[in-house]
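The values are calculated or read from the model by the stated rules, or taken from the named source; none is laboratory data. What you see is a predicted model; the values in this text were computed from it and never measured. In this analysis, Cβ positions are derived from the backbone assuming ideal geometry, glycine residues included, and neighbour counts consider all displayed protein chains.
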Amino acid sequence: MTRFIVTGAKGFIGQRLCRILAEHGGFVIGLSRQKYPLCGSVHQWVNIGADFVGLERTWPRNTYGDCIIHLAARVHAIRDKVTDPLVAYRRTNVDGTLRMARIAHNIGGYRFVFVSSIKAVAETDGGNPLKETDPPLPCDPYGLSKLEAERALLQFGRDTGMEIVIVRSPLVYGPEVRANFLKLMHAVARSIPLPLGAITAHRSMVFVDNLVHALMCCAIHPLAANQTFHVSDGRDLTLAELIGILSRKFNVTMRLFSVPVPVLKAASWLAGHATLADRLVNSLQLDISHLIDQLGWHAPYSVEEGLLQTVLWYCTTYRKYNDLCRF
């Protein structure tokens, strides 16, 4: 039985990852800021401090793992209120990640799967889907910290012999999703008119269960060792296509009108959301052929299936919109 250690095990991705690992016969140890009652998917909880500081001294005896999947991170925020965001991101995403890698190596772990972000490469694809071999040009402190963590881990792997696997994901959606995707769902469920009809850019996304399936594959497949992979659903949508699918799942009329992109960008800039507008209007597609060719991976869920599960969760969670959900 493979023993997995999952950091960020109680998070949006972590909970579903622990479940699928257990369903496939894995023994799962979860790392979190708090200990939780044992359940079918997590056999042991390890309480961690901020950025894993001191964890090497408090690590429980006879607790080890074959493969560590590192989800814990300081996540990207549109308006980060810390004085120096890069210092804060580095403290968690670089220093904390390396600290966890050293612990993993010391307890006998042979593989470290690092969940990075496509932001480590770019914010836009420049007209061609981004490959793992494209030169990285991160545009913000979060993306830079993820890239620095990738490079530090690869060097750590060369120094120690530990297998390093890097997985870069785009926007992740699914049940329990938050941030801008949830805001979009609120608007579509209420049938609020949206001025996004003129945006024709395609953007990659990944359903959370597709992502965790890819992470499991990267954790156990022999050919994943010391590789970097991009992952997505494999079907990239425009905003209009995304809103159209959500509207059908909610059984509401799609209310979409077109505002010229320059006007939309100017309005966003005046409202203090310039970076958000750039993300909306620019294409960001990932080339996932390396993951498919190297590991034989294919997304188990289609975009339609992933969005349906997300809408079902939404209708259960936000009950006053339940009458919209007629399937």
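Counting only residues that are acidic (Asp, Glu) and touching a residue at least 12 places away in the same chain (Cβ under 8 Å), which one in the stretch 120-160 is nearest to ASN226 (Cα to Cα)?
That would be GLU150.
Give me the residue from the stretch 126-185 that is of a type in the set (Lys, Arg) and closer than 24 Å to LEU295 by Cβ and, out of that set, surrounded by the fewest Cβ atoms within 10 Å (Cβ to Cβ).
Here the residue is ARG158.
Taking the criterion of being within 30 Å of PHE114 (Cα to Cα), surrounded by fewer than 17 Cβ atoms within 10 Å (Cβ to Cβ), out of contact with any Lys or Arg (no Cβ under 7 Å at 6 or more places or on another chain) and not small (Gly, Ala, Ser), would at least one residue in the stretch 231-241 satisfy it?
First pass over the stretch 231-241, keeping only residues within 30 Å of PHE114 (Cα to Cα): 231-239.
Filter once more, keeping what is surrounded by fewer than 17 Cβ atoms within 10 Å (Cβ to Cβ): 235, 238.
Among the residues that remain, those that are also out of contact with any Lys or Arg (no Cβ under 7 Å at 6 or more places or on another chain) are: 235, 238.
Among the residues that remain, those that are also not small (Gly, Ala, Ser) are: 235, 238.
Yes; the residues of the stretch 231-241 include at least one that is within 30 Å of PHE114 (Cα to Cα), surrounded by fewer than 17 Cβ atoms within 10 Å (Cβ to Cβ), out of contact with any Lys or Arg (no Cβ under 7 Å at 6 or more places or on another chain) and not small (Gly, Ala, Ser).
Take residues that are over 18 Å from CYS139 (Cβ atoms) and among the β-branched types (Val, Ile, Thr) and tell me which of the helices (runs of 4 or more DSSP H) falling wholly in the stretch 257-317 contain 1 or more.
Here the list reads 261-270, 289-295, 303-317.
Quick check on the stretch 207-227. Is at least one of its residues at pLDDT 95 or above and under 20 Å from THR275 (Cα atoms)?
First pass over the stretch 207-227, keeping only residues at pLDDT 95 or above: 207-227.
Applying the additional criterion that residues be under 20 Å from THR275 (Cα atoms) yields none.
Within the stretch 207-227, not a single residue is at pLDDT 95 or above and under 20 Å from THR275 (Cα atoms).
With (1) under 19 Å from GLY174 (Cα atoms); (2) free of Cβ contacts under 8 Å to residues at least 24 places away in the same chain as the list, and PRO262 as the residue in question, which single condition is left unmet?
Against the list (1) under 19 Å from GLY174 (Cα atoms); (2) free of Cβ contacts under 8 Å to residues at least 24 places away in the same chain, PRO262 comes up short only on (1).
Which pairs have Cβ atoms under 6 Å, sit 6 or more apart or on different chains, and link a residue in the stretch 286-309 that is within 23 Å of GLY126 (Cα to Cα) to one that is surrounded by fewer than 17 Cβ atoms within 10 Å (Cβ to Cβ) and of a type in the set (Lys, Arg)?
Within 6 Å, the pairs are ASP287/LYS131.
For the stretch 25-118, please list each of the strands (runs of 3 or more DSSP E) lying entirely inside it that holds at least 3 residues being at pLDDT 95 or above.
Filter on the stretch 25-118 gives 67-70, 111-117.
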